[in-house]
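Structure first, commentary second.
The values are calculated or read from the model by the stated rules, or taken from the named source; none is laboratory data. Nothing here was measured: the structure is a model prediction, and the numbers come from that model. Note that each Cβ is placed from the backbone with ideal geometry, even for glycine, and that neighbours are counted across all protein chains shown. All accessible areas refer to the heavy atoms of the entire protein, side chains included, with ligands and DNA or RNA removed. Shrake-Rupley method; radii C 1.70, N 1.55, O 1.52, S 1.80 Å.
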Amino acid sequence: MSQQTPTARRCQSSPIDPSSAMALARERLQAGDRAGAESAFREMIRRWPGLALGYDGLGQLYLSAQRHADAVACFQEAVAHDSDTASRHNNLSLACHRQGDYSAAEQAGRAALRLDPGYPEAWNNLGNALLSQQEPALARAAYREAVRHRPGYAKAWLNLARIELLLNNSVAARRAARRALRLNPEAAVLGWSLLAQAEQGLRHYPAALAALEEALCRTTETVELLTLKGSLLRDTLQPEAAIALLEAVTRQNPGDSSAWNELGLTLDCINRLSEAASAFDQAIAALAATGRQRGENRVELSLEGMATLHKVRYNRTMNYLKQGNFVQGWAEYCHRWNGRGRDFDREFGIPQWQGGALNGQHLLVATEQGLGDTLQFIRYLDLLIERAQPARVTLATIPPMAQLLADYPGIDAFVLPKQALPPAQSYTLLMDLPYWFQTRIDTIPNRTPYLSLPANLRTIWKQRLSRLPPGRRVGIAWQGNPGFGQDHLRSIPLARLAPLFAVPDLQWVQLQRHAGMEQIAETDLPIQDLGDADLREVAALITGLDLIISSDSMIAHLAGALGRPVWVLLSVKGEWRWLTDRDDSPWYPTMRLFRQTRLGDWSTLAEQVRDALADWATA
């Protein structure tokens, strides 16, 4: 006759109170007997139907088994029997979120917080519910509350790092990821991955690669980590290695949209444009396949999915324009601000102009990107005034541009940031105008100069230049805006341009504004600095020069808009506006383009420019 174990004897007897019954159910669960645990929870509900304990335990069992609908039903019963306990509502919030009912998850989370405003898990779950409803700013606020009430809550710090990345706040993302790593080494893979992404966003590429390697050494290689590695190889000027890696990732994971997007960006970086376009299309198809179908022609994506879609569409748009496909490019370019943090309809509070006759109305024209973009596209005001015939045009821009364009014909007034908006009837974004005027490469309005300056200002700077030693006067600019995401590809270390200064009988004049000035002293090259000058004075200085040599920066656009001879030194990647495989620009007739043949190789290009400069100097 076999003897029964103590556990078996306890299982045959009925617990005399709910606490004992709960202990029995948990004992079975810990032993791996999920069916026995379920029976025990159900027995609790049968014997004590007015208590929430059995429903709560059964709900957690179902939640761990991913039986989300059953879990929601159990937690709803638990809340119905004990509505004054915050944890009951929090469990319901978690189950509703996993079931995909994000609104109900938010409601349950807020109910928990009304009972216990300092409940960290409830704040964290509320953040998840808000994030899933595409409310990233509100989600961030909830995660911040979670870590405020429990500074040691590693999971909430990780969520905060993730949301800061989505909101393009790399500094805050880095801080949150570092905090999570200090708190919980077991979260190291995700923490190091988030830290790598934050460092990448800050363009700290060696630090990003180091963080990524920390993640890779702690886990098997995942598609997310390999995709991140591919993007960092590209950022560190190793496009061939990046392409090899990303092609392998997409072969093995054809449904991963991020990997396709990064492959497209890398192919685009070395001007394999048709292949890049195909990769972007694959990324969009992969996103559509992962979304939730909402009607016949509508797919709903998660917030992360929407963020990826906006990036892919923007990247594909740049690819269209770079290929000279202006028909599709301009149409897609009108969506460039989707998901990027600005809502101009709400910002201006007036309708957006749709390309028709304005019948004497007041139009607000807004600049919205860099100085170079504004200089390139301000030419479209002439077409706008001619064809739409507004009664009045107000340009919304920044102070340096308002000063430079003070004499531009057709601009009646300027409105600067934080100033009250004028009573206009509609608005347009300056860089939407090529779409409305159906610009093609052969119809670009390229009459130059289209910027004018007061004669007395030009005379002042011409006189200053005349006081330099003899020689033809060449202006030089090597550094663009360091805040631009791809500046490390387009700006040129001044030392790499040293061969140009071997050409005799030239007087070099620096045209830098702010960033990059320190490199003059570091290189000890013979560059004249004629003193501080605002943007308008720099423009006047340019009118007195014989030639301007520039990186892809605002100075190149300024020289082109003034109709001055300008040579622009371009990365292999080159922006869309310079197209590919040509040494002239349809935007600026006086411009000559010099292109790298290998990404990051400025030295070889500098030698080519030196030879061209020697020919020019003796012509």
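Worth pointing out:
- Centre separation in Å (Cα based) which lies between region 122-172 and region 518-566: 46
- Cβ crowding within 10 Å averaged over residues, with 386-392, 149-155, 208-214 ranked highest first: 208-214, 149-155, 386-392
- For Arg595, the residues whose modelled amide H falls within less than 5 Å of its own, excluding neighbours fewer than 5 places apart on the same chain, are Leu570.
- Computed E for Gln361/Gln486 - FRET, C-beta separation, R0 35 angstrom, nearest 0.05: 0.35
- Figure note: Tyr435, Tyr320, Tyr427 ranked by solvent-accessible area, largest first, 1.4 Å probe, ligands and nucleic acids not counted: Tyr435, Tyr320, Tyr427.
- Solvent-accessible area of Ser64 with every protein chain in place, 1.4 Å probe, in Å² to the nearest 10: 70
- Mean-position separation - Cα centroids, region 15-93 and region 496-516, in angstrom: 76
- When you work out D = kT/(6 pi eta Rh) for region 144-231 at 20 °C and 1.002 mPa s, using the Kirkwood radius from C-alpha pairs as Rh and the Stokes-Einstein form, the result is 170 µm²/s.
- Expected 222 nm ellipticity per residue - DSSP helices of 4 or more, -39500 (n - 2.57), all of the chain, to 500: -17000 deg cm²/dmol
- Protein accessible area in the chain, 1.4 Å probe - carbon and sulfur %: 48
- Computed log10 I(q)/I(0) for region 29-132 at 0.13, 0.18, 0.22 Å⁻¹: -0.44, -0.79, -1.07, from the Debye equation with unit scatterers placed on every C-alpha and solvent omitted.
- Binned Cα-Cα distances of region 565-619, short to long, each 5 Å bin given as a whole percent: 4, 19, 28, 25, 16, 6, 1
- Its residue count N sets the reference 2.2 N^0.38 Å, and the alpha-carbon radius of gyration of region 423-552 equals 1.29 times that reference.
- Amide H within-cut-off set for Phe414, under 5 Å, with H built and near neighbours excluded: Leu395
- Taking the DSSP bridge list for the chain and keeping only pairs wholly inside it, about 10 percent are antiparallel.
- Of every Cα-Cα pair in the chain, the percent that sits beyond 31 Å: 63
- A Förster distance of 35 Å, applied to the separation of the beta-carbon atoms of Glu347 and Asp412, puts the FRET efficiency at 0.95.
- For region 321-440, taking Cα atoms only, Rg and Dmax work out to 13.8, 40 Å respectively.
- Cα pair distances of region 207-363 binned at 10 Å [whole percent]: 10, 31, 32, 17, 7, 2, 0
- Length added when fully stretched, Gln608-Lys462, from 0.36 nm per residue minus Cα-Cα: 49.6 nm
- Each peptide in 353-362, 276-285 was scored by the mean count of other Cβ atoms within 10 Å over its residues; highest first, the order is 276-285, 353-362.
- Computed packing ranks the peptides 107-113, 520-526 as 107-113, 520-526, most packed first, by mean other Cβ atoms within 10 Å.
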